[in-house]
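First up is the structure itself, then whatever we jot down about it.
The values are calculated or read from the model by the stated rules, or taken from the named source; none is laboratory data. Remember, it's a predicted structure, so these values are computed and weren't measured experimentally. Using ideal geometry, Cβ is built from the backbone for each residue, glycine included, and neighbour counts are taken over all protein chains shown. Side chains included, ligands, DNA and RNA excluded: accessible areas come from the protein's heavy atoms. Shrake-Rupley method; radii C 1.70, N 1.55, O 1.52, S 1.80 Å.
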Amino acid sequence: MGIQNILWQVAKKAFTGSIIGLTISDRCCSVVPVRGDSMSPTFNPQRNSHLDDYVLVDKFCLKDYKFARGDVVVFSSPTNFGDRYIKRIVGMPGEWISSSRDVIRVPEGHCWVEGDNKTSSLDSRTFGPIPLGLIQGRVTRVLWPPQRISKIGQ
């Protein structure tokens, strides 16, 4: 009877910990890997490195859509919801943006995002302004690798 009791206690604690972890990840913050070089040199500055940056994503900003030009955000792709991108906001609702083709006005409830490495970025220049509702959080810090731990500024 002793081993069953121990297993039951471990299972309860693991389940409780999982629920708490999922809640924190969904509501507060999460850690996200940065893949590719579209945000280089801000993230993954060494292009041929096999070591991706990992960043902390704050989700408290989602409550009232508190974003500003210069914020680096994580968002779901407007064309394939399963894909996530990390880009910098360069235009807010109502602002005028000069793209490679013409000048457009960012519609209300949308923002214009671009990668820091414009030659290697799939961003609003490709798919247009993104709805603010697709944003999953704001990047606040680089957490990994250790030599790159830093706060992300605008």
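Per residue, the chain reaches -6500 deg cm²/dmol at 222 nm when only DSSP H runs of four or more residues are counted, each adding -39500 (n - 2.57).
Relative to the dominant Cα principal axis of the chain, helix 2-27 is inclined by about 20°. Mind giving me the FRET efficiency for Asp83 and Lys118? R0 is 25 Å, r the Cβ-Cβ distance, nearest 0.05 is fine. With R0 = 25 Å, the Cβ-Cβ based efficiency is 0.80. GNM remark for the chain: springs join alpha carbons under 10 Å apart, and the peak mean-square fluctuation among Asn117, Asn80, Asn44 falls on Asn80. Each residue was assigned an accessible area with a 1.4 Å probe, and for Thr16 the value is about 70 Å².
Accessible area per residue (1.4 Å probe, heavy atoms of protein chains only) ranks Met39, Met92 as Met92, Met39, with the largest value leading. Normalising the Debye intensity of the chain to I(0), with uniform scatterers on Cα atoms only, and taking log10 at q = 0.10, 0.20 Å⁻¹ returns -0.43, -1.26.
If I take every Cα pair under 8 Å that is 6 or more residues apart in the chain, average their sequence separation and divide by the length, what percent do I get for the relative contact order? Averaging sequence separation for qualifying contacts and normalising by length gives 24 percent for the chain.
Multiplying the residue separation of Phe127 and Gln4 by 0.36 nm and subtracting their alpha-carbon distance yields 38.7 nm.
Averaged per residue, what accessible area in Å² does the chain show with a 1.4 Å probe, protein chains only?
It amounts to 61 Å² per residue over the chain.
Spatially, the stretch 39-94 and the stretch 100-123 are offset by 13 Å when compared through their Cα centroids.
To put it simply, the accessible area of the chain at a 1.4 Å probe is 58 percent carbon and sulfur.
Using 29 Å as the Cα-Cα cut-off, could you pick out the over-long pairs in Lys66/Lys151; Lys13/Lys87; Lys118/Lys151? Spell out each step's value before the answer.
Values: Lys66/Lys151 18 Å; Lys13/Lys87 38 Å; Lys118/Lys151 22 Å.
Pairs exceeding the cut-off: Lys13/Lys87.
On full extension, the segment bounded by Tyr54 and Ala68 gains 2.8 nm, given 0.36 nm per residue less the C-alpha separation.
What you get for the chain, charging only the Cβ of Lys and Arg (+1) and of Asp and Glu (-1), is a dipole of about 340 debye around the Cα centre.
Order the following by accessible area, largest value first: Tyr54, Tyr65. Probe radius 1.4 Å; ligands, DNA and RNA are ignored.
Putting Tyr54, Tyr65 in descending order of accessible area: Tyr65, Tyr54.
For the stretch 63-154, the mean projected area of the C-alpha convex hull, equal to one quarter of the hull surface, is 6.6 nm².
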